[in-house]
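Worksheet for the structure shown next.
The values are calculated or read from the model by the stated rules, or taken from the named source; none is laboratory data. Keep in mind it's a predicted model, so treat the numbers as computed, not measured. Cβ placement follows ideal geometry from the backbone for every residue including glycine, while neighbour counts extend to all protein chains displayed.
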Amino acid sequence: MSKFAEMQLQVLQAVRLKGRINEADLAATVDEHPAAVAATVGELSRAGLLAAGRILTISPQGRARLTELLAQERSGLDKAAIAAVYDNFRAVNTDLKALVTDWQLNDGQPNSHTDAAYDAAVLVRLDAVHRRIVPIIAAAGVALPRLGAYLRKLSAALAKIRSGDTSWLTRPTIDSYHTVWFELHEELIAAAGLTREHEAEAGRA
(Lines give C-alpha, C1' and ligand atoms only; values in the text may rest on other atoms or scores of the structure.)
Protein backbone atom coordinates (compact mmCIF):
# COMPACT_ATOMS: atom_id res chain seq x y z
CA MET A 1 0.00 0.00 0.00
CA SER A 2 1.37 3.43 -0.93
CA LYS A 3 2.04 6.11 1.68
CA PHE A 4 -0.77 8.17 0.18
CA ALA A 5 -3.24 5.27 0.53
CA GLU A 6 -2.04 4.63 4.09
CA MET A 7 -2.75 8.25 5.02
CA GLN A 8 -6.16 8.05 3.38
CA LEU A 9 -6.92 4.93 5.39
CA GLN A 10 -5.79 6.48 8.67
CA VAL A 11 -7.83 9.63 8.15
CA LEU A 12 -10.98 7.91 6.91
CA GLN A 13 -10.82 5.30 9.67
CA ALA A 14 -10.34 7.92 12.36
CA VAL A 15 -13.27 9.99 11.11
CA ARG A 16 -15.45 6.88 10.86
CA LEU A 17 -14.60 5.75 14.39
CA LYS A 18 -15.12 9.21 15.87
CA GLY A 19 -18.28 9.93 13.90
CA ARG A 20 -17.62 13.67 14.02
CA ILE A 21 -14.26 15.33 14.60
CA ASN A 22 -12.50 18.62 13.93
CA GLU A 23 -9.27 18.76 11.99
CA ALA A 24 -7.04 19.58 14.97
CA ASP A 25 -8.33 16.62 16.97
CA LEU A 26 -8.02 14.44 13.88
CA ALA A 27 -4.32 15.27 13.56
CA ALA A 28 -3.79 14.38 17.21
CA THR A 29 -5.75 11.15 16.82
CA VAL A 30 -3.77 9.88 13.83
CA ASP A 31 -0.52 11.34 15.29
CA GLU A 32 0.53 12.92 12.00
CA HIS A 33 1.73 16.45 11.17
CA PRO A 34 -1.26 18.81 10.96
CA ALA A 35 -0.17 20.02 7.51
CA ALA A 36 -0.11 16.47 6.14
CA VAL A 37 -3.52 15.75 7.67
CA ALA A 38 -4.93 19.00 6.26
CA ALA A 39 -3.66 18.08 2.79
CA THR A 40 -5.23 14.62 3.00
CA VAL A 41 -8.51 16.05 4.29
CA GLY A 42 -8.55 18.46 1.38
CA GLU A 43 -8.00 15.68 -1.15
CA LEU A 44 -10.63 13.45 0.43
CA SER A 45 -13.12 16.30 0.62
CA ARG A 46 -12.64 17.23 -3.03
CA ALA A 47 -13.18 13.57 -3.94
CA GLY A 48 -16.44 13.52 -1.97
CA LEU A 49 -15.12 11.03 0.58
CA LEU A 50 -15.37 13.43 3.52
CA ALA A 51 -18.00 16.03 4.29
CA ALA A 52 -15.71 18.91 5.21
CA GLY A 53 -16.31 21.99 7.29
CA ARG A 54 -15.58 22.92 10.90
CA ILE A 55 -16.54 19.32 11.72
CA LEU A 56 -15.54 16.39 9.52
CA THR A 57 -17.77 13.39 8.81
CA ILE A 58 -17.33 10.48 6.43
CA SER A 59 -19.60 10.24 3.39
CA PRO A 60 -21.14 7.04 1.98
CA GLN A 61 -18.51 7.16 -0.77
CA GLY A 62 -15.87 7.54 1.93
CA ARG A 63 -17.14 4.45 3.72
CA ALA A 64 -16.94 2.49 0.47
CA ARG A 65 -13.37 3.71 -0.13
CA LEU A 66 -12.42 2.84 3.44
CA THR A 67 -13.80 -0.68 2.99
CA GLU A 68 -11.59 -1.07 -0.08
CA LEU A 69 -8.51 0.23 1.74
CA LEU A 70 -9.06 -2.01 4.77
CA ALA A 71 -9.47 -5.03 2.49
CA GLN A 72 -6.26 -4.11 0.69
CA GLU A 73 -4.45 -3.74 4.01
CA ARG A 74 -5.87 -7.02 5.31
CA SER A 75 -4.70 -8.91 2.22
CA GLY A 76 -1.09 -8.30 3.24
CA LEU A 77 -1.45 -9.32 6.89
CA ASP A 78 -0.33 -12.48 8.63
CA LYS A 79 -3.83 -13.80 9.25
CA ALA A 80 -2.73 -16.31 11.89
CA ALA A 81 -0.92 -13.58 13.83
CA ILE A 82 -3.94 -11.26 13.73
CA ALA A 83 -6.26 -14.10 14.77
CA ALA A 84 -4.01 -14.86 17.75
CA VAL A 85 -3.93 -11.18 18.75
CA TYR A 86 -7.70 -10.94 18.57
CA ASP A 87 -8.20 -14.14 20.56
CA ASN A 88 -5.99 -12.74 23.32
CA PHE A 89 -7.79 -9.40 23.17
CA ARG A 90 -11.19 -11.03 23.62
CA ALA A 91 -10.21 -12.45 26.99
CA VAL A 92 -9.05 -9.08 28.33
CA ASN A 93 -12.02 -7.34 26.72
CA THR A 94 -14.37 -9.36 28.92
CA ASP A 95 -12.63 -8.05 32.02
CA LEU A 96 -12.63 -4.44 30.78
CA LYS A 97 -16.36 -4.63 30.02
CA ALA A 98 -17.04 -5.96 33.53
CA LEU A 99 -14.90 -3.20 35.03
CA VAL A 100 -16.76 -0.47 33.13
CA THR A 101 -20.10 -1.93 34.19
CA ASP A 102 -18.97 -1.93 37.82
CA TRP A 103 -17.76 1.66 37.45
CA GLN A 104 -21.15 2.75 36.16
CA LEU A 105 -23.21 0.68 38.60
CA ASN A 106 -22.92 0.03 42.32
CA ASP A 107 -25.14 -2.70 43.76
CA GLY A 108 -27.31 -2.57 40.65
CA GLN A 109 -27.88 1.19 40.86
CA PRO A 110 -26.19 4.05 38.97
CA ASN A 111 -22.88 4.72 40.69
CA SER A 112 -23.01 8.08 42.46
CA HIS A 113 -19.22 7.90 42.99
CA THR A 114 -19.65 8.89 46.62
CA ASP A 115 -18.19 5.60 47.85
CA ALA A 116 -14.47 6.24 47.48
CA ALA A 117 -13.47 2.75 48.60
CA TYR A 118 -15.73 1.13 45.99
CA ASP A 119 -14.39 3.34 43.17
CA ALA A 120 -10.79 2.75 44.25
CA ALA A 121 -11.32 -1.02 44.15
CA VAL A 122 -12.64 -0.78 40.60
CA LEU A 123 -9.76 1.41 39.45
CA VAL A 124 -7.18 -1.00 40.89
CA ARG A 125 -8.51 -3.57 38.44
CA LEU A 126 -7.77 -1.19 35.56
CA ASP A 127 -4.04 -1.44 36.28
CA ALA A 128 -4.24 -5.21 35.89
CA VAL A 129 -6.19 -4.89 32.64
CA HIS A 130 -3.63 -2.44 31.30
CA ARG A 131 -0.71 -4.73 32.13
CA ARG A 132 -2.41 -7.50 30.17
CA ILE A 133 -3.24 -5.38 27.12
CA VAL A 134 0.31 -4.00 26.69
CA PRO A 135 1.83 -7.18 25.16
CA ILE A 136 -1.30 -7.72 23.07
CA ILE A 137 -1.01 -4.29 21.48
CA ALA A 138 2.72 -4.87 21.00
CA ALA A 139 1.90 -8.04 19.06
CA ALA A 140 -0.80 -6.19 17.11
CA GLY A 141 1.76 -3.52 16.22
CA VAL A 142 4.10 -6.15 14.80
CA ALA A 143 1.34 -7.60 12.63
CA LEU A 144 -0.13 -4.19 11.71
CA PRO A 145 2.17 -1.31 12.72
CA ARG A 146 -0.42 1.46 12.86
CA LEU A 147 -2.21 -0.36 15.69
CA GLY A 148 0.79 0.20 17.94
CA ALA A 149 -0.42 3.78 18.47
CA TYR A 150 -3.26 2.49 20.61
CA LEU A 151 -0.86 1.77 23.47
CA ARG A 152 0.15 5.45 23.56
CA LYS A 153 -3.51 6.49 23.64
CA LEU A 154 -4.49 4.03 26.37
CA SER A 155 -1.44 4.92 28.45
CA ALA A 156 -2.25 8.64 28.15
CA ALA A 157 -5.81 8.06 29.35
CA LEU A 158 -4.58 5.85 32.21
CA ALA A 159 -2.13 8.53 33.33
CA LYS A 160 -4.97 11.07 33.58
CA ILE A 161 -7.09 8.60 35.55
CA ARG A 162 -4.20 7.96 37.93
CA SER A 163 -3.80 11.71 38.40
CA GLY A 164 -7.38 11.85 39.70
CA ASP A 165 -9.42 12.78 36.62
CA THR A 166 -11.66 9.72 36.40
CA SER A 167 -13.64 11.19 33.49
CA TRP A 168 -10.85 9.69 31.38
CA LEU A 169 -12.16 6.21 32.13
CA THR A 170 -15.45 6.28 30.22
CA ARG A 171 -16.33 9.75 28.88
CA PRO A 172 -17.32 9.21 25.22
CA THR A 173 -16.46 12.69 23.91
CA ILE A 174 -12.71 12.40 24.64
CA ASP A 175 -10.03 9.77 24.04
CA SER A 176 -10.96 8.12 27.34
CA TYR A 177 -9.70 4.64 28.14
CA HIS A 178 -13.01 3.08 27.16
CA THR A 179 -13.31 5.15 23.96
CA VAL A 180 -9.83 4.18 22.79
CA TRP A 181 -10.45 0.56 23.78
CA PHE A 182 -13.65 0.50 21.72
CA GLU A 183 -11.78 1.88 18.71
CA LEU A 184 -9.02 -0.72 19.12
CA HIS A 185 -11.70 -3.41 19.25
CA GLU A 186 -13.18 -2.08 15.99
CA GLU A 187 -9.74 -2.13 14.38
CA LEU A 188 -9.08 -5.73 15.43
CA ILE A 189 -12.49 -6.87 14.23
CA ALA A 190 -11.79 -5.39 10.80
CA ALA A 191 -8.21 -6.72 10.68
CA ALA A 192 -9.51 -10.21 11.46
CA GLY A 193 -11.99 -9.93 8.59
CA LEU A 194 -15.02 -9.97 10.90
CA THR A 195 -17.86 -7.53 11.54
CA ARG A 196 -19.26 -5.98 14.70
CA GLU A 197 -22.60 -7.65 13.88
CA HIS A 198 -20.93 -11.07 13.72
CA GLU A 199 -19.19 -10.46 17.02
CA ALA A 200 -22.42 -9.27 18.63
CA GLU A 201 -24.21 -12.42 17.54
CA ALA A 202 -21.36 -14.45 19.04
CA GLY A 203 -21.62 -12.46 22.30
CA ARG A 204 -18.20 -10.85 21.86
CA ALA A 205 -19.15 -7.28 20.87
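A few notes on this one:
- Taking the criterion of being in a helix (DSSP H, G or I) and surrounded by fewer than 11 Cβ atoms within 10 Å (Cβ to Cβ), the residues of the stretch 102-122 that qualify are 116, 117, 120.
- Hits in the stretch 12-25 - residues which are more than 13 Å from the chain's Cα centre (by Cα) and either under 19 Å from residue 67 (Cβ atoms) or surrounded by 14 or more Cβ atoms within 10 Å (Cβ to Cβ) (or both): 12, 21, 23, 25
- Tally of residues being in contact with a Gly (Cβ under 8 Å, 6 or more places away or on another chain) and surrounded by 15 or more Cβ atoms within 10 Å (Cβ to Cβ) across the stretch 26-50: 3
- Flag not set for residue 128, criterion: surrounded by 13 or more Cβ atoms within 10 Å (Cβ to Cβ) and not acidic (Asp, Glu).
- Filter pass, residue 53 being at positive phi and either outside the structural domain of residue 168 (by TED's automatic domain parsing) or part of a helix (DSSP H, G or I) (or both): yes
- Tabulated pairs, the stretch 155-182, first in contact (Cβ under 8 Å) with a residue 60 or more places away in the chain, second crowded, with 18+ Cβ neighbours inside 10 Å and among the basic types (Lys, Arg), C-beta under 6 angstrom, 6+ apart or interchain: 175/153
- Residue within the stretch 51-68 that is more than 23 Å from residue 193 (Cβ to Cβ) and buried (at least 18 other Cβ atoms within 10 Å of the Cβ) present: yes
Listed here are the residues, each with its yes/no results for (1) modelled with pLDDT of 95 or more; (2) among the hydrophobic types (A, V, I, L, M, F, W, C).
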| residue | (1), (2) |
| --- | --- |
| 2 | no, no |
| 6 | no, no |
| 13 | yes, no |
| 29 | no, no |
| 82 | yes, yes |
| 96 | yes, yes |
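- The lone exception for residue 46 - which of (1) in contact (Cβ under 8 Å) with a residue 24 or more places away in the chain; (2) more than 22 Å from residue 175 (Cα to Cα) it fails: (1)
- Looking across the stretch 134-181 at every residue that is touching a helix residue (DSSP H, G or I) at 6+ places or on another chain (Cβ under 6 Å), part of a helix (DSSP H, G or I) and charged (D, E, K, R), the one that is nearest to residue 75 (Cα to Cα) is identified as 153.
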